[in-house]
Amino acid sequence: MNPWLLSVPGAIGAAAGLVAYGGVYPRAQLFGSTICRTDSPRKLAITFDDGPNPAITPKLLDLLAKYNARATFFVIGRYLRECPELAREIAARGHVIGNHTESHPNLLWKRSTEIRVELRLTHSAIKSVLGAPPKWFRPPFGLRNPWLAAEARELNMRVVMWTLLPGDWRAPSAEWLIGRMQPIAGRAKRAVQRASSTGEIICLHDGGHREQNADRTATLAALEYWLPRWRDLGLEFVTIENAVSAPAT
């Protein structure tokens, strides 16, 4: 048998594995540069996906204000159009709003033209509501393909991933989620001790992509628990914009 034929399945398998790594692993840079850490161990970027959500986002804004925390909200375009005043309230309170597509599809298998429509519809909606276009984009489910980075660059947006995805959308209880968010505290302690140059980005959810008014009370309760404890560790709660600027002192 031709040795070349024997190598074909292996090559195909290796290529498939590489594509899977580049499209799924949060810190992979294969399909374009992404932001996946802050530039200081003292900076914690708290991010929320799938809003705005009238059932939870206003309560979340009050909680963040209580601890002088700034965050980044990656919004779904169709929800933004339903709740423009809520989006304006998010921005007015000092938070950053980013693009999370129009309808939250899995972009891994989408063509560039389909990705372009998803990004541009939400880009236009954010610009219309806030008066300025978004600078940041997070792909739904964190899934990317070789065409995504180029489409984001066309709109002058940078792709933002995360270091911790605790799974708050499936949390059976606040206690379960509190445990899943524990790594932020542990990593912060180790990073400061080792004089690390980077910090954490946590991905939470203030909404649900399947329907509006999703129940995210576990997320709210877990943050009520962790925000004062993270603050006592010396962490600074920053937007993604401040996460990649000058390091915190």
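Numerical summary
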{"item": "Flag if Ala191 is under 20 Å from Asp50 (Cα atoms) and either of a type in the set (A, V, I, L, M) or buried (at least 20 other Cβ atoms within 10 Å of the Cβ) (or both)", "result": "no"}
{"item": "Which numbered condition Asp39 misses (of (1) surrounded by fewer than 21 Cβ atoms within 10 Å (Cβ to Cβ); (2) over 17 Å from the mean Cα position of the chain (by Cα); (3) farther than 22 Å from Trp169 by Cβ)", "result": "(2)"}
{"item": "Residue within segment 208-223 that is of a type in the set (Lys, Arg), touching a His at 6+ places or on another chain (Cβ under 8 Å) and open to solvent by less than 60 Å² (accessible area, probe 1.4 Å) present", "result": "yes"}
{"item": "Selection from segment 70-90 of residues that are out of contact with any helix residue (DSSP H, G or I) (no Cβ under 7 Å at 6 or more places or on another chain) and part of a helix (DSSP H, G or I)", "result": "Arg78, Tyr79, Glu82, Glu85"}
{"item": "Yes/no for Thr249 being surrounded by 16 or more Cβ atoms within 10 Å (Cβ to Cβ) and modelled with pLDDT under 95", "result": "no"}
{"item": "Matching entry among His95, His104 (being over 16 Å from Lys135 (Cα atoms), at pLDDT 95 or above and either touching a Lys or Arg at 6+ places or on another chain (Cβ under 9 Å) or of a type in the set (A, V, I, L, M) (or both))", "result": "His104"}
{"item": "Total residues in segment 124-146, condition under 13 Å from Asn106 (Cα atoms), open to solvent by 20 Å² or more (accessible area, probe 1.4 Å) and part of a loop (DSSP other than H, G, I, E, B)", "result": "1"}
{"item": "Test result for Arg93, of a type in the set (Lys, Arg) and surrounded by fewer than 20 Cβ atoms within 10 Å (Cβ to Cβ)", "result": "yes"}
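For every residue, the table says whether it meets (1) modelled with pLDDT under 65; (2) assigned to a strand (DSSP E or B); (3) out of contact with any Ser or Thr (no Cβ under 6 Å at 6 or more places or on another chain); (4) open to solvent by 10 Å² or more (accessible area, probe 1.4 Å).
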{"residue": "Val8", "(1), (2), (3), (4)": "yes, no, yes, yes"}
{"residue": "Ala14", "(1), (2), (3), (4)": "yes, no, yes, yes"}
{"residue": "Gly22", "(1), (2), (3), (4)": "yes, no, yes, no"}
{"residue": "Gly32", "(1), (2), (3), (4)": "no, no, yes, yes"}
{"residue": "Phe48", "(1), (2), (3), (4)": "no, yes, yes, no"}
{"residue": "Pro58", "(1), (2), (3), (4)": "no, no, yes, yes"}
{"residue": "Asn68", "(1), (2), (3), (4)": "no, no, yes, yes"}
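The values are calculated or read from the model by the stated rules, or taken from the named source; none is laboratory data. Given the structure is predicted, the values throughout are model-derived calculations rather than measurements. Cβ sites come from the backbone with ideal geometry, for glycine too, and all protein chains shown count toward neighbours. Remember, those area values only see protein heavy atoms, side chains included, never the ligands or the DNA or RNA. Shrake-Rupley method; radii C 1.70, N 1.55, O 1.52, S 1.80 Å.
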